[in-house]
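> This structure is in structure tokens; I'll ask about it shortly.
The values are calculated or read from the model by the stated rules, or taken from the named source; none is laboratory data. No experiment lies behind these values; they were computed from the predicted model shown. Neighbour counts run over all protein chains shown; Cβ positions are idealised from the backbone, glycine included. Accessible surface areas use protein heavy atoms only, side chains included; no ligands, DNA or RNA. Shrake-Rupley method; radii C 1.70, N 1.55, O 1.52, S 1.80 Å.
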Amino acid sequence: PKHKKQIHCGIYRMLKFKNCLIRDSFGAVVLSINDLTLNKSEAIQIIGNNNSGKSQFCNFIITNKDNGFDDSFIFESENPTIVKIDITDNLLENYNLLENILIPFKRKSENLKNKICELVKIFNFNNIEDLYPSNISFSDRKIVEIVRAVTRQPHLIIIDDFDIMFDDIKFIKVISLIENAIKSGVSFIFTAKTRIDRISKTYKISNGILT
């Protein structure tokens, strides 16, 4: 059954796991979640090694976002919008960077274009109408995807393997962009192998258990 959003002590709780088991396509348990809560305008990080269940966790949220799952998983937003970013390339090579960022938007107003151009200036993308994905590095491609995501203002942005995407200089700029998005009401889930600075709420996966 679909669960309505609720208010808890003045905090809008968006996502809740309680004693939840995540299984693979064969029914085997890949991850056990004891207790995890994500509020609106909050970021959490999930730390775990390769094949620990981080990606399955992210995919589970997207697959089950519209319904409660045996009352052990509740997404307390109706019709939640989720954007997931991972190491897979999700830019169109024959579109320039501005066109790539504008893909999700039905109305491509001049105000929106100007807003995007202002956002990317901190990353030294001076003319994104003349740049194409083939002109930029892997980390810059991820920046374009994150700019596209935060511009959409979804309920939740999931970034899988965040810790391998950026060097220290780009990391600082990306985190500043993300912190502004959090202030505007977007929630974030990051997965990583090592702890991410400036993200205080941390969960860890060990031996198939997320705590």
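> Leaving ligands, DNA and RNA out of it, work out the accessible area of GLU93 with a 1.4 Å probe and give it in Å² to the nearest 10.
90
> Kindly express, to the nearest 10 degrees and within the range 0 to 90, the angle between helix 138-152's C-alpha long axis and the longest C-alpha principal axis of the chain.
Once rounded, one gets 80 degrees.
> What's the magnitude of the charge dipole for the chain around its Cα centre, counting Lys and Arg as +1 and Asp and Glu as -1 at the beta-carbon? Answer in Debye, nearest 20.
Dipole size: approximately 660 debye.
> While we're looking at this one, here's another question. Counting each DSSP H run of 4 or more residues in the chain as -39500 (n - 2.57), what helix-only mean residue ellipticity at 222 nm follows after dividing by all residues, to the nearest 500 deg cm²/dmol?
When only DSSP H runs of four or more count, the value is -8500 deg cm²/dmol.
> If you don't mind, another one. Would you compute the Debye intensity of the range 70-109 from its alpha-carbon atoms alone, equal scatterers and no solvent, and pass along log10 I(q)/I(0) at q = 0.25, 0.28, 0.29, 0.33 Å⁻¹ to two decimals?
At q = 0.25, 0.28, 0.29, 0.33 Å⁻¹ the computed log10 ratios are -0.98, -1.07, -1.09, -1.15.
> Which number do you get for Rg(Cα) / (2.2 N^0.38 Å) in the range 89-152?
0.98
> Set the bar at 23 Å for Cα to Cα. Now go through LYS106/LYS201; LYS142/LYS183; LYS40/LYS113 and name every pair that lies beyond it.
Pairs exceeding the cut-off: LYS106/LYS201; LYS40/LYS113.
> Could you please put LYS16, LYS40 in sequence from largest to smallest accessible area, using a 1.4 Å probe?
Ranked list, largest accessible area first: LYS40, LYS16.
> Would you grab the residues whose amide H sits under 5 Å from the one on MET14? Only those 5+ places off in sequence or on another chain, please, with H modelled 1.01 Å from N.
LEU38, ASN39, LYS40
> Long-range amide H contacts for LEU31: which residues qualify at under 5 Å (H placed 1.01 Å from N, peptide plane, sequence gap of 5 or more or a different chain)?
So LEU31 has HN proximity to ILE22.
> Can you run phi through the Karplus equation (6.51, -1.76, 1.60; θ = phi - 60°) for the range 172-185 and list ³J(HN,Hα) in whole Hz, with x for Gly and Pro?
Taking θ as phi minus 60°, the curve returns 4, 5, 5, 4, 4, 4, 5, 4, 5, 5, 4, 4, 8, x Hz for the range 172-185.
> Can you send over the carbon and sulfur percentage of the accessible area for the chain, probe radius 1.4 Å, protein chains only?
Roughly 48 percent, rounded to a whole number.
> Same structure again: Using only the Cα atoms of the range 139-193, build the gyration tensor, take square roots of its eigenvalues as a ≥ b ≥ c, and label the shape rounded, prolate or oblate: rounded if a/c is under 1.5, else prolate if a/b is larger than b/c, else oblate.
prolate
> Can you spot the aspartates and glutamates whose alpha carbon is less than 19 Å from LYS115's alpha carbon? Ignore those fewer than 8 places along the same chain.
Counting by Cα, and skipping residues close in sequence, LYS115 has these aspartates and glutamates nearby: GLU99, GLU129, ASP130, ASP140, GLU145, GLU179.
> Would you mind giving the three semi-axes, in whole Å and largest first, of the ellipsoid equivalent to the range 118-211 according to its Cα gyration tensor?
26, 15, 12
> Once you list every other residue whose beta carbon is under 11 Å from the beta carbon of ASN90, what net charge do they have if Lys and Arg are +1 and Asp and Glu are -1?
Summing Lys and Arg as +1 and Asp and Glu as -1 gives +1.
> With unit charges on the beta carbon (Lys/Arg positive, Asp/Glu negative), name the residue among SER25, ILE44, PRO104 whose Cα is farthest towards the positive pole of the charge dipole of the chain.
ILE44
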